[in-house]
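Shown next, in structure tokens, is the structure this report addresses.
The values are calculated or read from the model by the stated rules, or taken from the named source; none is laboratory data. The model shown is predicted, which means the values in this text are computed figures rather than measured ones. Ideal geometry is used to build each Cβ from the backbone, glycine not excepted, and the neighbour counts take in all protein chains shown. Please note that ligands, DNA and RNA were not included when accessible areas were found on the heavy atoms of the full protein model with its side chains. Shrake-Rupley method; radii C 1.70, N 1.55, O 1.52, S 1.80 Å.
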Amino acid sequence: MRPVLVRILSLVAFGCVLAVVFVNLGQWQLRRLDERQARNAAVVAAEAAPVADWHDYFTRPLTEADEWHRVRISGTYDPEHQYVVRFRHNGDVRGYEVVTPLRTDDGTVVLVNRGFAPVPSGEQMPTSAPPPPAGQVELIGMVRLDERGGPGAEDPNQGQVRVINSEKIGAALGEPVASGWLHLLESDPAQDSTLAPAEGAKLDEGPHLSYAVQWFLFTLVGVIGIIVFIRTELKDRRKQRDRRVKQDSRAG
């Protein structure tokens with residue numbers, strides 16, 4: 001087999017492999033986009049649903065379908081066992097959030113994320129948080145699932161945590177805690193104005209569509225590049241053949 005043909009076939013085979021990989025990556029990004037859109041629609045539907053009673057959710061293990069639903073709950077805060085959740089963000093603002101156990105009338109303990117406070121650049125995260133309202137409180141908030149983190153991130157340490165995990169916090173409190181936590185929206189009486197509502201669900205579609213377009217463009221560029229290479233190679237071969245023919249005719 002001629003060397004030029006070997007090069008062309010090898011390049012075509014290599015290009016086919018890359019095209020398959022790039023197309024699959026583009027399709028994967030489109031699937032991610034579909035998942036993101038479905039998740040956003042589920043969040044919007046959950047937030048628009050009527051406010052439910054907290055017993056409908058916090059008396060059983062939570063599932064993904066439960067998240068972002070609004071519930072009403074009442075009880076008293078346990079200010080002696082609240083936690084500073086370090087290195088959180090509210091938009092582009094760096095700061096911390098505060099998680100405080102709420103004891104309901106039947107004794108169930110539900111973790112409440114009371115909100116976010118900024119920490120100016122260069123300052124350390126605080127080791128204590130603003131106190132919650134005293135006495136009975138009436139709250140409306142969104143159901144959230146437990147967060148997961150790396151080694152040590154879930155474990156409370158000296159009144160601080162990195163992520164909110166009811167199982168780990170319950171173990172530190174020494175008593176059962178309801179699965180998940182409550183993302184506070186409204187409080188009666190109102191709490192310390194230092195805390196603003198924590199950041200909610202991000203409903204953007206992410207970069208998946210642009211990534212998919214990029215992978216498909218890479219496929220197109222690769223195909224065009226192979227075609228150009230083959231045409232150039234064949235053109236060069238024709239020129240070489242024509243030169244040899246002219247040289248042979250002159251020699252004859």
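Some points to look at:
- Region 17-60 - residue that is of a type in the set (A, V, I, L, M) and part of a loop (DSSP other than H, G, I, E, B) and, of those, nearest to I227 (Cα to Cα): A49
- Which listed residue is touching a strand residue (DSSP E or B) at 6+ places or on another chain (Cβ under 9 Å), closer than 21 Å to Q136 by Cβ and among the charged types (D, E, K, R), from D66, D78: D78
- Filtered by the rule that a residue be touching a residue at least 12 places away in the same chain (Cβ under 8 Å), among the polar types (S, T, N, Q) and either loosely packed, with under 13 Cβ neighbours inside 10 Å or farther than 17 Å from A65 by Cα (or both), region 19-41 gives Q27, Q29.
- Within region 68-110, the set of residues being under 15 Å from S179 (Cα atoms), open to solvent by less than 30 Å² (accessible area, probe 1.4 Å) and within 22 Å of the chain's Cα centre (by Cα) comprises W68, V99.
Every residue, every condition in (1) at positive phi; (2) of a type outside the set (S, T, N, Q); (3) in contact (Cβ under 8 Å) with a residue 24 or more places away in the chain, yes or no:
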site	(1), (2), (3)
L139	no, yes, yes
D146	no, yes, yes
P151	no, yes, no
G159	yes, yes, yes
S166	no, no, yes
H183	no, yes, yes
L195	no, yes, yes
A198	no, yes, yes
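- Count of region 1-34 residues which are among the acidic types (D, E) and modelled with pLDDT under 75: 0
- So F14, is it aromatic (F, W, Y), in a helix (DSSP H, G or I) and touching a residue at least 12 places away in the same chain (Cβ under 8 Å): no
- Residue that is farthest from the chain's Cα centre (by Cα) [pool: residues in region 128-161 that are among the aliphatic types (A, V, I, L, M), crowded, with 17+ Cβ neighbours inside 10 Å and farther than 19 Å from G95 by Cβ]: V137
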